[in-house]
1. Ranked highest first by average number of other Cβ atoms within 10 Å, how do 203-213, 86-96, 235-245 line up?
2. How many percent of the accessible area of the chain is carbon or sulfur, using a 1.4 Å probe?
3. For the ranges 17-25, 366-374, 378-386, what's the packing order if you count other beta-carbon atoms within 10 Å of each residue, average per peptide, and put the highest first?
4. Between L104 and K387, what length in nm is gained on full extension when 0.36 nm per residue of separation is reduced by their alpha carbon distance?
5. Amide H neighbours of M6 under 5 Å, counting only residues 5+ apart in sequence or on other chains, H built in-plane at 1.01 Å?
6. What's the magnitude of the charge dipole for the chain around its Cα centre, counting Lys and Arg as +1 and Asp and Glu as -1 at the beta-carbon? Answer in Debye, nearest 20.
7. Averaged per residue, what accessible surface does the chain expose to a 1.4 Å probe, in Å²?
8. So for the chain, taking the charge dipole from beta-carbon charges (+1 Lys/Arg, -1 Asp/Glu), which of Y399, N216, A202 sits furthest toward the positive end?
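The values are calculated or read from the model by the stated rules, or taken from the named source; none is laboratory data. Nothing here was measured: the structure is a model prediction, and the numbers come from that model. Here the Cβ is made from the backbone with ideal geometry for all residues, glycine too, and neighbour counts use every protein chain on show. Please note that ligands, DNA and RNA were not included when accessible areas were found on the heavy atoms of the full protein model with its side chains. Shrake-Rupley method; radii C 1.70, N 1.55, O 1.52, S 1.80 Å.
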Amino acid sequence: MKKILMIGYNFHPEPTGIGKYSGEMISWLAKNGYDCTVLTSYPYYPYWKVQEPYRSDRFWYKTEYYDIDKVKEGGKLKVIRCPQYVPANPTGLKRMILDLTFLLTAGLKLLQFIFTQKFDTVIAIAPSFQFGLLGVLYKKLRNAKFFYHIQDLQIEAARDLRMIKSEKILKGLFSLEKYILNQADYISSISEGMIQRIRHKANKDVLLFPNWADINFFYPVQDKSALKVEFGFKPTDTIILYSGAMGEKQGLEAILYAAKELSTMEGVKFLICGSGPYKEKLQSLSGSLNLTNVIFYPLQPIEKFNQFLNTADIHLIIQKANASDLVMPSKLTNVLAVGGLALITANRGSGLYELVNKYKMGLLVDAENQAALTEGIKLAISDNNEKHCQNARLYAERYLSREIIMTSFEDSVIGREELAEAYALC
């Protein structure tokens, strides 16, 4: 039975983002017969505060054992949570401290593993990119395969968003990342645009390992009017929804300025749902603009989330221009699964633009262009976009099924190891 170690500070039960996908990934592997161990932290994202029932444990290590409804015999899942600093208001410096504290506490636990446990494969999840150092260390000392999965090009994002301005620091970080890439046996990322950038840096093959959607749990609901009433709206209201994390890379202020421009359109409601460090700033800006057509919602419970997404007539996927190749917004996968009409800010030539345009599964407007966003919303309201919605669901069924993606991952990475072992025995 293969033994797998995953390292990354975002993990289940975080409801959104990287933690959601890392949790579902390792659960699938355990369910399919792998002995899995996870080095992670306590759940804090997107609230930037350690969540209950973990708060009292957050200053020391905690080990959890999960029962897995296995398809194949032998699967196990053990989660070791490591303490780390979690800033309530994350700045660039505070995020660096967050990364370094987890690197230290997870590194101490990894040193114990070096002497006590033998894993066949170690998976490091970036961000933070330097967690790959832990993968390199274990690989060198215990002869394991090192798999480096990149969810976000963190250094480029910090540079382009001016979170790190020093050229010397950036040069040092890129050199460190280059070392990790050179040592990795397998590298993967979540979009073609990111893969092209990583391949250029790594000078080696990079696997496509996209984020997925649970296409059985998230699906189109035909009677949107009844759902709107259920959530407190009129059946004739036009619901424009942003649902997801609220951070600097999205540029969410644009939603409020669009709402201001469209405030005279009767029955048009803007919903902003989620949590994050910029939510209070957005609420303050909404108040200063005297917006009555904007409603802020907390993150919705998972059992209601499919219905909530289906209430929306338009889903806003907002990003800054320099982020559209650096991240593939995880919120988009569920929008596609429900057959939602996505209005996406992405510039021509970016990976996100090319993907959406190729499959005609959403509307595209220029990023960081307020007039284009406002006009795009107007057109989305007035036009018949049923074909885009049908294409969105079809794309999710063909390409975003977790079972299809994880089976491909198993064949591409773990299967290659087994094949190499078989050749070695010949």
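1. 235-245, 203-213, 86-96
2. Carbon plus sulfur share of accessible area: 53 percent.
3. Result, highest mean first: 17-25, 366-374, 378-386.
4. 96.8 nm
5. Excluding prolines and chain starts, which carry no amide H, the hits are T37, V38, L39, I123.
6. 1160
7. With all protein chains present, the chain gives 45 Å² per residue.
8. About the Cα centre, the residue reaching furthest to the positive side is A202.
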